[in-house]
Each structure stands twice: as structure tokens, then as C-alpha cells.
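As C-alpha cells, the structure follows; a few thoughts come after it.
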Amino acid sequence: MDNNLEYIDDYFQNQLNSQQRQEFETRCLSDKMFAEEVAIYVSTREALRQNLLEEKKKQWSTLLPPEILTDEKASPKTTTDLHEKAPVKRMHLRKWLTLAAAACTIAALFIYPILNGDSAREDIQEYVQNELTISSTMDASRDSIQAGINAYKNKNYQDAIRIFGSIYASNPADQQTLKYLGQAYLKNRNFEDALKSFEELSQRQLRSNAGPFLMGITLMERNKPGDPERARILFQKVVGENLEGKNQAQVWLEKMN
Amino acid sequence: MVYIRNKVKMEDFEILHGLGSDMNRREVFEKELYSKYMYLIKEGSFHFHLSYDDSFSAYSDAVLTAIHSFQRKTFEQRSSVKTYLTSIFNNKCIDLVRKNTSAKGKLNQAVSTPDLLMQMPDKVKSVIENLIKDQRIQALLENLEKIGDKCKKILLLYQDDYNDRDIAEKIGYNSAAVVKVTRLRCLEKLKERMKGFINNE
């Protein structure tokens, strides 16, 4: 039997000690024939994985409920009953003017905060555009995270998400990568994923946690009903608890208030 | 999404414990895990603009990856199972999006990085990755059907993270040592069948 095969198998089964692992890795770099054998082994394991996955998919497909299988949009309902039109009533002019004035006042009360809020929102959009950067790592051994940072800087946010996501999946303790992942999602306008990442970050015990600040920014960017109010509460928390982004949050709160 | 840091829900705990220790009921726990988060399939299809089939593939792949990490105890429970699985699933979806949008018909098109290479340092990983070709993996898949049922079964159980002792018990071999020797012979057999293909590359 090929002794190299057992040796390669032992490496990937973590049966070698750290010195043996280093020797193995050095040999991959210096011995082309050996590297080729390792590649064949990895290819074989990859083929096995794909075959295994197909078998698992067959087993697991039986678990899927019908509602996940269907992607039908609700069929438009046709109205067969026609409602009778209500008769139009005439309105006196004075009454009409009073109602119009009241409607304008109410509209103004709603619009004014929105306009002011829009100014905060514009600021935040500019912040996301220009200030949400990531600095290069000083640690040259972290090649993979540097690759993610480079992708982020080059605006290849999909690649940055893939790289940061992969690093984070193998080390969920790494809150720095979690923050980068959230930022990449935000830049790529994957607001739900950004919120999940920053919410996760907010749960960590850190001296100065950027999670709430970044969540607030994401909510303002997403701007669904209720989001600006939630963002305001988060910015208030950032200021109140002296968290990262406090000064900027203070400025935005003044505009939002 | 609200959860208490470092506290795993009871159902997740049962699944994790079962996958890590109860080999005989492993399929039960796998199905529990799969069912619990399969709403992600529809989310992935919508969010990443994938077909349902692609999203289903990505989710199944993510669950398999997660199961293996639970069994190897590389999942440290610093995040919830949901967060962990969702993160893997998103990456699988992104890989599929990239694969679907890349130019079709390229020769020697690189495959997405095999999970096995993740345990290697980056420099070594790149060297090995450059030697892996999609056509070779396709040829291996075809040859897998030709090495005999017993060999195929042993290799697939091994790939599914059953150790040699578990495989011996499942298949009826005398010992883990016998399984190891047989397993390596099966790999050798597969490699022999690939010689002609590799020489013609």
C-alpha cells in the first residue's frame, strides 16, 4: 500500500503532532509530486462529500412541508360582487375649508419631523458612504482576513462577505471579523444580515461595543416603518452608555429630535 | 433575534448532545436539526435570488457541514446554533450565486474551495487548490460507482465522519484496524482508476 496515502490521511485526520504537520506542509510547498498526491486525495474526499450530500438530500427532501416547496404567489381574487356606489353628498364650502385646514395642519405635524429626520438620514448615508472603512491588519500572518479587507476596499462586497463569513464560521469568538462581516453586509445593502451581525456583536461583553451604533445606522439605511424610532433608541443607548460612536450618535440625535 | 449569550436552547442542546454521542440515533438528530431551520431555504431563495433547488442544495450542504463540526466538537457554542448554521448557509448561497453567474464553458474552471483545505495554512492551501480541477472531481464521482458497493459504503461512512470503530460496528468488521486498512485500499483503488484520466490531463 502507498505509504504516502496513509500519511496524507493521517494529516487530515489530525493524527500528526504539530512538528509532523509542519513537515507535511513544508513538503507540500517544496515537493510537486507530493503536492499532486495531496491534491488527488483532497479531490477524492471532495467527490465523496458531493456524493454523500446527494444521498443526504434524498433523505432530507422527504422532510420538506408543501408550503416550502411551493413558491406560488397568491392568486388574484376576482370580485364578482360589485358594490353599489354610495350616493355623493354635497358639502358646504365653509365646512370644506375647515376640513382642508385641519388636514394641512395634521400633515405638517407629520411631515416636519420626517424632513428633519431626512437630514439625519442623509448624514448617515454619507457616513456609510465615506466613513465606514476597515483598516488593513498589522498582522501579516492573517492572510485571509487581509483578503477580505482588500475585497471590502475594492468594493467587492460579495467577496468580502464570503471571506469574512467563512473566517467567522470557523471562529465565532472573533468579534472583529463579525464587525467586518456586518459592515460588508451593510455596504452591500443586505440589511437583515447586517442587523443580525450587529445584534450578535451587541451581545458580546466588550469595553466599548460598536454593535448598537452600527445597528442604528443600518436601521436608518433600511428605513422601514418603525426603523427610525428604533434607531433613535439605539443612538440614545450609545450616548447614555458611552459606547463606540457616541459623539456621532449625539449629533444625529439632535437632528432627529 | 434575541438570545442569551452562551446559553444554548434546550432543543439545540439535545440535538448537539445527540449528534456528538449517540451514533445509533444519529439520523434522528440530523433530521431534527434539518427540520428546525429549514425555513432558511425559502429565505435563501428570496434573498439571494436562487432557484428553490439551489437554495435547498445550499441549505443541505450547510446542515451537513454543521453536523460534522458538531461531531468533531469544533463548534465552541460561542454563538447559537441558528447563527452558526445561518452563517454557513449564507456563504454556501453566495458560493452558488458566484458559480451561477461566472462564465460557463470555461476549461479547468476552479471549484469552490473544498472544506478539507480549511485546516491548511493559506500558502499551502493555495498550492493544493491550484492543482484541483473540476473535471477530475467529476471523473472521481463516476469511478466511485465502479469500485464496488462495500468500498463505496466504507468511504461514504468515513466521509460522513463515522470513525473506524463505528464503521466496523456498522458493517460487521472485526476491528477498527481492519476498517482502516480496507478504507485505504479502497482509496488506492479509486486512485488507480484515475491514473489514466490524470495522465491524459
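Key figures for this structure:
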read-out: R0 of 60 Å, Cβ-Cβ distance B:SER35-A:ALA102: FRET efficiency to nearest 0.05; value: 0.65
read-out: Shielding of B:121-129 by partner chains, average beta-carbon count, 10 Å; value: 6
read-out: Cross-link table A:LYS224/B:LYS73; A:LYS237/B:LYS42; A:LYS155/B:LYS92, entries beyond 29 Å C-alpha to C-alpha; value: A:LYS224/B:LYS73; A:LYS237/B:LYS42
read-out: q = 0.15, 0.22, 0.24 Å⁻¹: log10 I(q)/I(0) that the Debye formula gives for segment A:133-212, counting C-alpha atoms only; value: -0.46, -1.00, -1.17
read-out: Calculated on alpha-carbon atoms, Rg and Dmax of segment A:3-55 in Å; value: 12.3, 38
read-out: Dipole axis of chain B (+1 Lys, Arg; -1 Asp, Glu on Cβ), positive-most option in B:PRO121, B:PHE46, B:LEU156; value: B:PRO121
read-out: Dimensionless Rg ratio for segment A:113-256, taking C-alpha atoms and the 2.2 N^0.38 Å reference; value: 1.03
read-out: About the Cα centre, charge dipole magnitude for segment B:133-196 (Lys/Arg +1, Asp/Glu -1 at Cβ), debye; value: 300 debye
read-out: Shielding by partners, peptide B:77-83 (average Cβ within 10 angstrom, other chains); value: 4
read-out: Backbone HN-Hα couplings from phi across segment B:85-92 [Karplus 6.51/-1.76/1.60, Hz, Gly and Pro as x]; value: 5, 4, 4, 5, 4, 4, 5, 5
read-out: Charge dipole of segment B:133-196 about the Cα centre (unit charges at C-beta), most positive-ward option of B:LEU184, B:ASN143, B:MET194; value: B:MET194
read-out: Max mean-square fluctuation residue, GNM over chain B, Cα-Cα springs under 10 Å, options B:ASP115, B:ASP12, B:ASP161; value: B:ASP115
read-out: For chain B, convex hull of alpha carbons as volume per residue, Å³; value: 153 Å³
read-out: Gaussian network model of chain B, Cα within-10 Å springs - most flexible of B:VAL28, B:VAL124, B:VAL179; value: B:VAL124
read-out: Cβ-derived FRET efficiency at R0 41 Å, A:LEU63 paired with A:GLN129, nearest 0.05; value: 0.40
read-out: Fraction of the pair-distance distribution of segment B:10-101 above 18 Å, Cα-Cα pairs, percent; value: 42 percent
read-out: Whole-number D in µm²/s for segment B:133-196 (Stokes-Einstein; Kirkwood sum over Cα pairs; 10 °C, 1.306 mPa s); value: 131 µm²/s
read-out: Distance between modelled label sites at A:ASN3 and A:LYS153, nm, 7 Å Cα→Cβ extension; value: 4.7 nm
read-out: For chain B, built as a Gaussian network whose Cα springs stay under 10 Å, the top-fluctuating residue of B:ILE132, B:ILE67, B:ILE88; value: B:ILE132
read-out: Karplus 3J(HN,Hα) series, Hz, for segment A:182-188 with 6.51 cos²θ - 1.76 cosθ + 1.60 (x for Gly, Pro); value: x, 4, 5, 4, 5, 4, 8
read-out: Pairwise Lys count, segment B:133-196 - Cα closer than 21 Å, eight or more residues apart or different chains; value: 24
read-out: B:GLN138/B:LEU184 FRET efficiency (R0 35 Å; Cβ-Cβ; nearest 0.05); value: 0.90
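Here, each number is a calculation from the coordinates, and none is a lab measurement. In this text, all values refer to a predicted model and were calculated from it rather than measured experimentally. When we count neighbours, we look across all protein chains shown, and the Cβ atoms used for this are built from the backbone with ideal geometry, even at glycine.
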